[in-house]
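Peer 1: Got a structure for you, written out below as structure tokens; questions coming shortly.
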Amino acid sequence: MAEISINPQRIGLPEKALSSLCEQVKKSLPLEWIVESLVTDLKESDKGYLKGTCPFCGEKNLTLSRKHNVYYCFDCRKSGDVISFVARIKDISQIESLAYLYQLYGITTMNVIEHKSEAHE
Ligand SMILES: [Zn+2]
């Protein structure tokens, strides 16, 4: 089967569709899942908050809010959502980051569906 991937250069979706994709990714993809692969000391601090070493400045002041799905560093003051985090880490644009995350997210969803249908048989 041919692989279909999103080429970030080719995203020509209407603005409305693009922003709803953005919202979907920001809401449904836990930032924690992305950050924990880079920040190995990520730990629960206050209820609903995680703390760890900031991948941007190296200080132990990165805070994640599970409720709002955003990050903030009390040292370098970088903050944002899952899309901006990936864009900063990979040094890519917000659109490229969205395409990257959407692909990741899509693959995850498909894996779950495949797994379920296997279990059913
Ligand atoms: Zn920082």
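Peer 1: Compute the projected area of the convex hull of the Cα atoms of the stretch 22-120, averaged over all viewing directions, and report it in nm² to one decimal place.
Peer 2: 7.1
Peer 1: Would you calculate the separation in nanometres between label points at Ile89 and Gln24, each defined as 7 Å from the Cα along the Cα-to-beta-carbon direction?
Peer 2: Here the answer is 2.2 nm between the modelled labels.
Peer 1: Same structure again: If R₀ is 22 angstrom, what is the calculated FRET efficiency for the pair Lys78 and Glu15, using the beta carbon separation as r and rounding to 0.05?
Peer 2: 0.25
Coordinate-derived values only; no laboratory data. Since the model is a prediction, treat every value here as computed from it, not as a measurement. FYI the Cβ positions are ideal-geometry reconstructions off the backbone, even for glycines, and counts take in every protein chain you see.
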